[in-house]
Amino acid sequence: MLIGPTADMSTHLTHSRIRKRELLHTSKLLSSGNKYSGDLGQVEDRGGHRFSSGLQARLKTEEAAQISVQHALSYVQTQTIGLRTVEEIVRRMEELAYEATDPVLNDYDREKLDLEFSGLKKSLAGLAAEEQFGTRVFDPLAAHYEDRFPVLGVSDGGWEKQEQMVDIGAKRGKVHLWWNPTWQTDRLTIYHGSDLLFDSGEYRSSHIQDFNNVGGSITGSYDNFTIEFGSATENITTNAGNQGVSLHDKEVETSFPAKTTQEELDWYSTFGYNYKKFKTGEDYPKAEGTPYGDTEIRFVVNEDAGGFPYTRQAGSSTVWEYYAEIEKSNLTDQAVLVDSEGGTLLMNAVGFSSLSHLTVKDARLAANALDTLSEELGNVRYQMGVIAGEIAQFEARLDVLSGKTYNQKKAFETITGIDMAEEVTRYAKNKILDSTTARALIHSRLANEKVMNLLF
């Protein structure tokens, strides 16, 4: 015969476990003030629990966005202070440059002016190296220029190499090119730093018959190309109205819009030229991918001193024109999180030129420096305008975020808040019941022991 606890004792044990679980749940509620902080199995309002969890997640994101915007605001305010100092420095440099242009000054006087001028350049270098939150405050590549840099090339001379370089202060962008050679052997190449970006090869902007050099002028038409640089991808966009031809092999399939026509071939034979001498298996013009990393764009015509595809004698006549506009694109703009939906505001990169190449050691160099210093003052004022707009945006967004987080906190407290009086009463009640159950359990055990003693 098996002998175990009485039915009363089993009941008391069950009640004891229930009371202890209730006490634990109530103590969690009282300590957190959140009705959904207890065991999920004891949460009666499951819908409210899910809603409050989502609201809490959004609230945390909004608070993170608020911190992010506050940091961004602090960052651009630091930029403002720095640019005001830069403006004062550049103004003083401009004053020194004006003084150095005075014709009555001697070399000793200008040396003294240049000594202060050099000290101011060092101050600019120090400001350019400033950091906040482990990040550079200023980006020299963000110095303001016109949106596009015009480049013009014209020749009515010989085959000698001609080139020009433009530093746009940015590592990527687009070259908008208009190319108009009179002869296929005029070859234009464009470099991004040391990397080849564009090669016209033997491409002509129009049929050779259209070029009648009347008085040494070009009567043909420009063809237009757009080449992206700093993209590390091969690309070239042509204008649909281009009329040019490329003397590539007619048997080679190509997507380029124009090939050598029969009319072109007839022209060669009429004038006794050997077409095969000019023919190439490559389709021109073409572009090559270039990496980020350089800010200089270089234009070169007839780099091989003989054109393409064969060499002529130096001094032979050639007439060509090109026009380009270089459009820069900055890499350093930053997106700032401003809400729980993933919305962002742009924090533009700002910067100023180092002006390290300027000097006022003589009147001519001082006069040249004045133009650059005037442009730089304009740049600094432009950058301060950019920052002023950002400060206004960030301050407005902070106001919005503060209002949203306050309202969401109130809503969260309303949904999740407990009735303290009710929970304290429940805790006291369960405490009494737990104590009573414990005493009853002791009595049951004593009764069990008496029975066992009587039996044995």
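The values are calculated or read from the model by the stated rules, or taken from the named source; none is laboratory data. From a predicted model like this one, the values you see are computed outputs, not experimental measurements. Cβ atoms come from the backbone with ideal geometry, glycine included; neighbour counts cover every protein chain shown.
Residues checked against (1) at pLDDT 80 or above; (2) farther than 22 Å from residue 169 by Cβ; (3) acidic (Asp, Glu):
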{"residue": "316", "(1), (2), (3)": "no, yes, no"}
{"residue": "331", "(1), (2), (3)": "no, no, no"}
{"residue": "350", "(1), (2), (3)": "yes, no, no"}
{"residue": "359", "(1), (2), (3)": "yes, no, no"}
{"residue": "364", "(1), (2), (3)": "yes, yes, no"}
{"residue": "396", "(1), (2), (3)": "yes, yes, no"}
{"residue": "404", "(1), (2), (3)": "no, yes, no"}
{"residue": "411", "(1), (2), (3)": "no, yes, no"}
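Tallying residues that are surrounded by fewer than 20 Cβ atoms within 10 Å (Cβ to Cβ) and either touching a residue at least 40 places away in the same chain (Cβ under 8 Å) or not assigned by TED's automatic domain parsing to the domain that holds residue 383 (or both) within the range 63-74 yields 7.
In the range 366-397, the residue that is surrounded by the most Cβ atoms within 10 Å (Cβ to Cβ) out of those that are more than 23 Å from the chain's Cα centre (by Cα), in contact (Cβ under 8 Å) with a residue 40 or more places away in the chain and over 16 Å from residue 88 (Cα atoms) is 366.
State whether the residues of the range 237-258 include one that is under 31 Å from the mean Cα position of the chain (by Cα), exposed (fewer than 13 other Cβ atoms within 10 Å of the Cβ), outside any helix (DSSP H, G or I) and at pLDDT 65 or above. Taking every residue of the range 237-258 in turn, at least one turns out to be under 31 Å from the mean Cα position of the chain (by Cα), exposed (fewer than 13 other Cβ atoms within 10 Å of the Cβ), outside any helix (DSSP H, G or I) and at pLDDT 65 or above. Among residues of the range 126-138 that are more than 16 Å from residue 90 (Cα to Cα), those with a Cβ under 6 angstrom from a residue that is hydroxyl-bearing (Ser, Thr, Tyr) and at pLDDT 80 or above, sequence gap 6+ or separate chain, pair up as 132/75; 132/78; 137/78. Taking the range 54-95 as the range and being farther than 19 Å from residue 390 by Cα and touching an Asp or Glu at 6+ places or on another chain (Cβ under 6 Å) as the test, only 90 passes. In summary, residue 326 fulfils each of the numbered conditions (1) farther than 30 Å from residue 199 by Cβ; (2) surrounded by 18 or more Cβ atoms within 10 Å (Cβ to Cβ); (3) modelled with pLDDT of 80 or more with the single exception of condition (1). Would you check if residue 97 is in a helix (DSSP H, G or I), within 30 Å of residue 373 (Cβ to Cβ), aliphatic (A, V, I, L, M) and modelled with pLDDT of 65 or more? Judged against the criteria, residue 97 is a match.
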